[in-house]
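The values are calculated or read from the model by the stated rules, or taken from the named source; none is laboratory data. Because the structure is predicted, anything quoted here is derived from the model rather than measured. A quick note on method: Cβ atoms are made from the backbone with ideal geometry, for glycine too, and the neighbour counts reach across all protein chains shown.
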Amino acid sequence: MKYECGFSRRRLAAWIVVLLFGVALAPSCASADPSPVKIAVFDFELEDVSAGAGIAGDKADDAAQLNRATAEARQLLAQSGRYAPVDVSAADAEAVKNRQLRDCNGCEAAVARKFGADQSFLGVVRRISRVDYVVRFQIRDAHTGKLVIERDSGLRMGANYSWDRGVASLLRSGLLGQ
C-alpha cells in the first residue's frame, strides 16, 4: 500500500527508524564536553580563630599544610576536566602575597582576570581549635566579580595535617559532584 506522499510502508518504517536513531544519539552528541573553565586557584589561607591564635602552633607547619591543601584543590579541579587551573604564582597584589584575599571583598576576581582566567577560586581553612576546623571556598566570575558558588565543609576534626583531606572532601561533594 502506498501513501499519498509516495512512501511505502517499508520505506516509512525505515525513515522512522532513522529518525528515532538520530533522536537517541542527539543527547550524546549535544553533551560533548565543553572546553574547561580557566580558573585561577589562589593559595589557601588560614583564618585562625582558636584561643591560641597567633601564639599556638608552628607557622611554618601551617604554611606547609596550606600548600598541600592548595595543591590538592588544583589537582582535583584539573582532573575533573571541567576546570583548567591558571598559574597565578606571579601575582604581585599584596592581598595575594600575604594570603589575605579573604579580606578584600572579591578583589581576587580582578587578579584572576589579569591572568586570563574566567573564574577565581579562593579557599580558606578556618581553625576553630587545634583539632577542629572548617574548610570553605568561593568561586567568582573573573569578569563581573559576582559570586558563582560558595561552600563550606561544616565542622571537621583533625589537626592541620588533615586540611588537604577536608579540601578534597568538600570539593568532591560541594563542587564536582563525586
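Key figures
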| item | result |
| --- | --- |
| Enumeration of residues in the range 97-147 that are closer than 16 Å to Asp48 by Cβ and among the β-branched types (Val, Ile, Thr) | Val124, Val125, Ile128, Val131, Val134, Val135 |
| Unmet requirement for Asp103, which otherwise passes all of (1) surrounded by 19 or more Cβ atoms within 10 Å (Cβ to Cβ); (2) farther than 16 Å from Leu170 by Cα | (1) |
| Meets criteria (modelled with pLDDT of 80 or more and on the phi < 0 side of the Ramachandran plot) for Lys59 | yes |
| Number of the condition not met by Gln79 [criteria: (1) surrounded by 12 or more Cβ atoms within 10 Å (Cβ to Cβ); (2) within 15 Å of the chain's Cα centre (by Cα); (3) within 23 Å of Pro34 (Cα to Cα)] | (1) |
| Evaluation of Glu108 against (1) touching a Ser or Thr at 6+ places or on another chain (Cβ under 9 Å); (2) touching a residue at least 60 places away in the same chain (Cβ under 8 Å); (3) farther than 22 Å from Leu170 by Cα (one fails), failing number | (3) |
| The range 120-129, subset over 14 Å from the mean Cα position of the chain (by Cα) and under 17 Å from Phe44 (Cα atoms), residue surrounded by the fewest Cβ atoms within 10 Å (Cβ to Cβ) | Ile128 |
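Yes/no matrix, rows are residues, columns are (1) at pLDDT below 95; (2) buried (at least 19 other Cβ atoms within 10 Å of the Cβ); (3) not assigned by TED's automatic domain parsing to the domain that holds Glu47:
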residue: Ala84; (1), (2), (3): no, no, no
residue: Ala109; (1), (2), (3): no, yes, no
residue: Phe115; (1), (2), (3): no, no, no
residue: Val131; (1), (2), (3): yes, no, no
residue: Phe137; (1), (2), (3): no, yes, no
residue: Arg140; (1), (2), (3): no, yes, no
residue: Thr144; (1), (2), (3): no, no, no
residue: Leu170; (1), (2), (3): no, yes, no
